[in-house]
Amino acid sequence: MTRTDAPAGEVLETSPATGSPVPPPGLTWRQKLSHWDFRFSPYLYVVPFFALFLVIGVYPMVYSGYLSFFSWPRYGLTHGEGVGFANYGHVLADPVFHKAFWNTIGIFVLSAVPQVVVATVVAAMLDTPLRGRTWWRMSVLLPFVVAPAAAALIFGSIFADKTGLANEVLRAVGLSGVAWHSDRFASWTAIATMVNYRWTGYNTLIILAALQAIPRQLYEAAAIDGAGRVQQFFHVTLPSIRPTMLFVIITATIGGMQIFTEPRLFDTNLQFQGGANYQYQTLTMYVFNTSNSGTDPYPRAAAATWIIVLIIIGIALLNYAITRQVQRRGER
Amino acid sequence: MRHSTTRRKAAVGAALALVAGTTAACGGDSEASQASLGKDDVLTITTFSDFGYDALIEEWNADPDRPFSVEMTKIADWDPWKQTLTQKLQAGDGLTDIVAVEGDAMPQFLSEGASDQFADISDPSLDDRWVEYAYQAGQTADGKQVGYPTDAGPEAFCYRADLFEKAGLPSDREEVEAIFETWDSYFAAGEELTAALPETKWYDSSGSIAQAMLNQAEFPFQTADNTIDVENAELELVWDTVTGYSTTLSPRVVQWKEDWTANFTNDGFATMPCPGWMFSNIKSNAPEVKGWDIANAFPGGGGNWGGSYLAVPAMSEHQEEAQEFASWLTDADQELAAFEAAGNYPANVEAQESLAAENATDPYFNDAPTAVILADRAAAVEPGRPYKGDMYSDILGLFQTAIQRVDEGASPDESWETFTQAVDGLS
C-alpha cells in the first residue's frame, strides 16, 4: 500500500522499525479513528470467512482426527474407549481399502487425461472464426449444467449390462457386449465417461479463455516463419497457455480424488459397495460405507479420511514438483 | 467514508451472530422437547417402496376434524433408506416423527443400544391386534415395543401362464401347484422351460430364490445366542443350489436394478417368489404384459419375506401424536386399504379375517383370488423361521453380494472366501 492510497488530507508516517504507519502524537479523535479504520478494518472484513472456516472446516477435521483414536459402540451417541492406532491399522490392512485406492487412481487417470486433451483440442477449434461461435461455445458447457445425479441415471441405463444402449450398439455391429459392472477396467471406463461428459466442456471454456489472451501477432510471426496450423498449436498455443493448463490439471486431480456421485449411482450392488467385488469402490465411497458399518463406524471412517488426506497431500507435492520442472523447462 | 464505520461494525456483528447461531443450531438440544401439535402443524413420516399410504394420508389431510396434518416422504428402495436411517440414528438427529423399518433389519434396531433410539410405543389395548409373531418381532427382549407391524410377507409364487403354455408346461392355476410343490420339482420344471424357451430364464434373479430358501432355514447366519456362524449346512445348501443354477436358470441380474426391471417386459423370466407387496412391483414394471398369474403354493411349504414396521424415533418431538398416527395406520381399515392399494398383506388379524371373508380377486393376475391365496400362504409360514439375530440384515446383504459375484462370473469358491472375510470384518 502506498501513501497515495491514504485518504486525502491525512498525514501518516511510517515508523522505521515496523514499517507500519503509526499515528503521530497530537492527532484529533477523528484522525485516530480514521487511522484505526485504515489499519484494522481489513482484518474485520476477512473475519467472517475465517470464523466460518474454523467452524465448518477446521473443527470437523480436527475432531475427526481426535475421533479416529477411539472405539464407537453401534448406535451409540458418543465415542467409547481410546484404542490408539487400531483404527488406522484396520483401514491400512483392509484389502477393500487397497482396492478402493487403485480404483480411484484408475478412474482418475481414465478421466483426467482424455478430459484435458479433448478440452484443449476443442478449445483450439472454438478459437477459430466459426459461424455461430457463441452457440458452439455455450453448447460445450451444456453437459455441465446437467445435475450429476441425472447424468448418472442416464449413463446407468446406457451402461446396463444386459439391456443398455452401449451393449446394444456393440452387438449390432457384431461385437460381444461388455460387462460394464463386473469387469474392473470396463467399470472404470464407464464411470470415467460420465465424469468426462460433465467436465470436458467446463475445462474447454477455461482453456478457451486462455487461448483468447494469446497475442495474435505470435501466430502471424509463426506463419511468416512458415509454421503450419499443427506446428503453431504445439509451438505457440500450448506454451502460451501452460499456467492455465496447470490450473485445469490440478483441479481435475482434486476432483478425481473426491469422486463419489458417479460410481455410487452407477452401482448395481444393493450394499453400495462399488460393485459386488468392489470393482469401482472409490476412496470417498470407502469412507461413506465405513461410517455405515456395524463396528466402530465413525472412528474407522475418520481414520480412513485422514489417510486419504495424507495421500492427497502426497499427490499435491508430486504435482508441485512436476509443475516446477515443467515451468523451468518453459522458461528456458 | 467514516460514517459507514458503525454500519460496517453492525455488519460484522451480524455475521458473527450468524456464525454463533449456526454453531448453536449444530449443537442442538439433546432433550427432545415434547410439544403438542395443532391443527395446522405437520407430523412427518418416511416410508420406502410402496406402503399404499398415499390415498390414506390425502384423506386424513382433507378431513376437517383431524388433529394435525401429515406429510410423507417416500424413498424408492429400502437399502439406501437403511443407510440413511442408521446414520441419522447414530447422529441422534434428522429423522421424521415416524419411520418405516423393513422386517429383516428389525432385529438390529431392537438390539441393546439401538432400541434406546426409539420411543416405547407399547399399548396394552393393542395386544391382540396383530399376528402374534409379527407383533413380537417388533419388540425388544425386555418387552419394549419399538414397531407396529404394517404388513406380513407370506410368499406365493407368481408365474407367466403364457410362457408356461409356450413351453408345454401346465399353465392352469390349480395344475401348476404341483410344479411349486418342492424345490426339486420347481428346479426340474425350470430346466424344462429353459430348454424349450432359450431366451427366457426360470426365475427373476438368483437373489430372490436365495431369499426364498433362506426364509425356510432355521439358523442361517447366527445361532440362538447371536454367535455368527455362516459355515453351517443350511446356508451351504442355499449357496450350492443357487450358485449351481446361476448359469442355467437365472438371468443373472440384480433385483431392483435396470436389467431386472427390463426383464419384466421382454419375457426375461417366467416365475418369481411373490409376497403380497411384490404384486404392485410386478404391475408397475409390466403394466402391459398379459399372462401373469399367482399359484397358491410355495416349494417346501411356506415362507415369510419382509413385512415392515412403523417406529417412532426417540428424537421425535411429537412422540405421542406419532404413536397415535402409527396406530391409526396399522388399524384394520387402513391395513385393508393399503392391501388394496399396494398388495401389502396385512399383519392385522381383523384385516386378515375380513380379507378372507371378502374373497378379493385381482384382475391383473387373471382374477386370482389374492386374499385366499395369501391367507393360505400365511398359514403355511412357520413362525420364528429363520432366526434373525442382530446381524441378520448385514450378513444377508453380504450374502446377496456374494451371489451377485457368482452371477457376474466369479468362481463360487473364491466368492465364498470373500464373503466369509467380509463377515469376519463385521466384528
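The values are calculated or read from the model by the stated rules, or taken from the named source; none is laboratory data. The shown structure was predicted, so the numbers you read here are calculated from the model rather than taken from an experiment. Every residue, glycine among them, receives a Cβ derived from its backbone with ideal geometry; neighbour counts consider all protein chains shown. Each accessible area value is taken on the protein alone, full model and side chains, heavy atoms only, with ligands, DNA and RNA left out. Shrake-Rupley method; radii C 1.70, N 1.55, O 1.52, S 1.80 Å.
If only the Cβ of Lys and Arg carry +1 and only the Cβ of Asp and Glu carry -1, the dipole of the range B:116-197 around its Cα centre is close to 240 debye. Each peptide in A:153-159, B:106-112 receives the mean, over its residues, of other Cβ atoms within 10 Å, and ordering these scores from highest gives B:106-112, A:153-159.
In the range A:55-89, the residues that give up 40 Å² or more of accessible area when the other protein chains are added, compared with the chain on its own (1.4 Å probe), are A:VAL55, A:ARG74, A:TYR75, A:LEU77. Positive-end ranking of A:MET138, A:ALA112, A:ALA160 along the dipole of the range A:93-190, with charges on Cβ about the Cα centre, is headed by A:MET138. Between amide H atoms placed 1.01 Å from N, distances below 5 Å from B:PHE269 occur with B:LYS201, all of them 5 or more places distant or on a separate chain. Computed with a 1.4 Å probe over protein heavy atoms only, the accessible area of A:MET61 comes to about 90 Å². Spin-label model, B:ASN61 to A:TRP136: label points 7 Å out along the Cα-to-beta-carbon direction sit 5.1 nm apart. Mean partner shielding of peptide B:79-86, defined as the number of other chain Cβ atoms within 10 Å of each residue Cβ, is 3.
Assigning unit charges at the beta carbon (Lys, Arg +1; Asp, Glu -1) and nothing else, what dipole magnitude in debye, to the nearest 20, does chain A show about its Cα centre?
500
Just the protein heavy atoms count here, and of the accessible area of chain A at 1.4 Å, carbon and sulfur take up 70 percent. Residue-wise HN-Hα couplings along the range B:278-295, as the Karplus relation 6.51 cos²θ - 1.76 cosθ + 1.60 with θ = phi - 60° gives them from phi, are 6, 3, 5, 5, 5, 4, 6, 7, 9, x, 8, 6, 9, x, 5, 8, 10, 8 Hz; Gly and Pro carry x. Could you give the Stokes-Einstein D for the protein assembly as shown in µm² per second, using the C-alpha Kirkwood radius, 4 °C, 1.567 mPa s? The calculation lands on 43 µm²/s. Pull up the cross-link candidates among the lysines for B:LYS201, meaning alpha carbon to alpha carbon under 26 Å and not fewer than 8 places away within one chain. Within reach: A:LYS162, B:LYS166, B:LYS257, B:LYS283, B:LYS290.
Between A:TYR63 and A:THR295, the C-beta separation translates, for a Förster distance of 35 Å, into a calculated FRET efficiency of about 0.95.
The string of couplings for the range A:129-144 from the Karplus curve (6.51, -1.76, 1.60, θ = phi - 60°) is x, 8, 6, x, 4, 4, 4, 4, 5, 5, 5, 5, 8, 3, x, 5 Hz, one whole number per residue in order, with x for Gly and Pro. A Cα-only calculation for the range B:357-427 places Rg and Dmax at 19.2, 52 Å. Taking only the alpha carbons of chain A, we obtain Rg and Dmax values of 27.0, 92 Å in that order. The residues of the protein assembly as shown expose, per residue, 47 Å² of accessible area to a 1.4 Å probe. For the range A:120-274, the spherically averaged projection of the C-alpha convex hull amounts to 11.9 nm². A Förster radius of 22 Å, combined with the Cβ-Cβ distance separating B:ASP331 from B:ASN226, puts the computed FRET efficiency at roughly 0.05. A cut-off of 5 Å between modelled amide H atoms, ignoring neighbours fewer than 5 places along the same chain, links B:GLN222 with B:ASP229, B:GLY389. Under the criterion of Cα pairs below 8 Å and six or more residues apart, the relative contact order for chain A equals 23 percent.
In whole Å and largest first, what semi-axes does the C-alpha gyration tensor of the range B:190-284 yield when each eigenvalue is scaled by 5 and square-rooted?
Each semi-axis is √(5λ); the values are 27, 16, 10 Å.
Once both labels are positioned 7 Å from their Cα atoms along Cα-to-Cβ, the gap between B:GLU132 and A:ALA147 label points is 4.9 nm. The range B:257-296 and the range B:312-384 have Cα centres lying 21 Å from one another.
Close amide H pairs (under 5 Å, H built 1.01 Å from N) link B:ILE75 with B:THR47, B:PHE48, B:SER49, residues at least 5 positions away or on another chain.
Placing dummy labels 7 Å off each Cα toward the beta-carbon, the span from A:TYR320 to B:VAL42 is 4.9 nm. Counting only DSSP H runs of at least 4 residues, each contributing -39500 (n - 2.57), and dividing by the residue count of the protein assembly as shown, the helix-based mean residue ellipticity at 222 nm comes to -16500 deg cm²/dmol.
Separation of the range B:199-255 from the range A:222-270 is 48 Å, based on Cα centroids. Packing, taken as the mean count of other beta carbons within 10 Å per residue, orders the peptides A:304-317, B:299-312, A:63-76 from highest to lowest as B:299-312, A:63-76, A:304-317. Once Lys and Arg get +1 and Asp and Glu get -1 on their Cβ, which of B:SER250, B:THR47, B:ALA338 lies farthest toward the positive end of the dipole of chain B? Most positive-ward Cα: B:THR47. Rounded, prolate or oblate, given the Cα gyration tensor of the range A:263-332, with a/c below 1.5 counting as rounded? In terms of gyration-tensor shape, oblate. Summing Lys and Arg as +1 and Asp and Glu as -1 over all other residues whose Cβ lies under 12 Å from the Cβ of A:ARG184 gives a net charge of -1. Pair-distance distribution of chain B: all C-alpha pairs, bin width 20 Å, starting at 0; shares per bin in whole percent are 24, 52, 19, 4, 1.
Based on the convex hull around the alpha carbon atoms, the range B:265-372 presents an average projected area of 8.8 nm². Normalised by the number of residues in the range A:164-243, the average gap of Cα pairs under 8 Å and 6 or more apart makes the relative contact order 18 percent.
Give the shape of the range A:20-128 as rounded, prolate or oblate, defined through the alpha-carbon gyration tensor: a ≥ b ≥ c are the square roots of its eigenvalues, a/c under 1.5 means rounded, and otherwise the shape is prolate if a/b is larger than b/c and oblate if not. Since a/c reaches 1.5 but b/c is at least a/b, the shape of the range A:20-128 is classed as oblate.
In order along the range A:311-321, phi translates into HN-Hα couplings of 4, 5, 4, x, 5, 4, 4, 4, 4, 4, 4 Hz, rounded to whole numbers, per the Karplus curve 6.51 cos²θ - 1.76 cosθ + 1.60 with θ = phi - 60° and x for Gly and Pro. Normalised by the number of residues in the range B:344-420, the average gap of Cα pairs under 8 Å and 6 or more apart makes the relative contact order 16 percent.
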